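Remarks on the structure that follows.
What follows is calculated from the coordinates using simple rules that are stated; it is not laboratory data. Given the structure is predicted, the values throughout are model-derived calculations rather than measurements. Quick reminder, even Gly has a Cβ in these numbers, built from the backbone with ideal geometry, and neighbours come from all protein chains shown.
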Amino acid sequence: MENILLSGNVRWSTEAEVLNRGAVDQIGVHFSGIGPFHRHTGEITLTEKAIYMEGDTSLNFQLTELEQLFIGFDEVFPRALIKNFGLTAQPLRLQVSSGIGLLYLFIDYNGLGLTSNQLWFNSIKTVLSEYDG
């Protein structure tokens with residue numbers, strides 16, 4: 001059994017889902033309590049070997065499949081897709097191989113617009129550095 005390092009709730013989307021959003025999606029995030037733009041919700045778990053997401057859609061991958069780890073906005077997921085234009089939260093971006101592609105995550109998003117994304121970014125980075133060591 002793998003050791004669980006972190007767990008929480010997650011709102012997430014793939015790059016294709018963000019690119020195919022509608023005008024209602026873009027405007028709705030500013031007026032409703034749904035949080036930042038996302039297509040999926042569930043629970044996320046980080047172990048020393050993998051990330052597991054279970055919810056309306058399940059997605060799991062090994063950390064060795066992680067090609068890029070970044071926190072922040074880009075041309076695909078602009079500040080306009082989150083209430084208050086990202087002053088309190090930015091997406092955690094994971095580029096994953098094996099056909100998964102680019103993922104945008106908001107972990108433990110709360111009513112104040114805060115997330116645990118920075119904690120997750122730092123934790124994943126630490127685990128990955130142990131692979132390189």
- Helix 117-132 axis, angle to the chain major axis (alpha carbon atoms, nearest 10°): 30 degrees
- Which of Asn84, Asn117, Asn20 fluctuates most in a GNM of the chain (C-alpha springs under 10 Å)? That residue is Asn20
- For segment 85-129, max minus min Cα coordinate along each principal axis, in Å, sorted largest first? 35, 23, 15
- Counting pairs of alpha carbon atoms under 8 Å apart in space and at least six apart in sequence, what relative contact order in percent does segment 30-133 give? 22 percent
- Most mobile of Gln90, Gln118, Gln68 in a GNM of the chain (Cα contacts under 10 Å): Gln68
- Message: Could you compute Rg(Cα) / (2.2 N^0.38 Å) for segment 4-132, with N its residue count?
- Response: 1.00
- Query: For the chain, what is the charge dipole size about the Cα centre, in debye to the nearest 20, if Lys and Arg each add +1 at the Cβ and Asp and Glu each add -1 at the Cβ?
  - Reply: 460 debye
- Message: Over the chain, with a Gaussian network built from C-alpha contacts below 10 Å, which listed residue (Leu105, Leu19, Leu46) shows the highest mean-square fluctuation?
- Response: Leu19
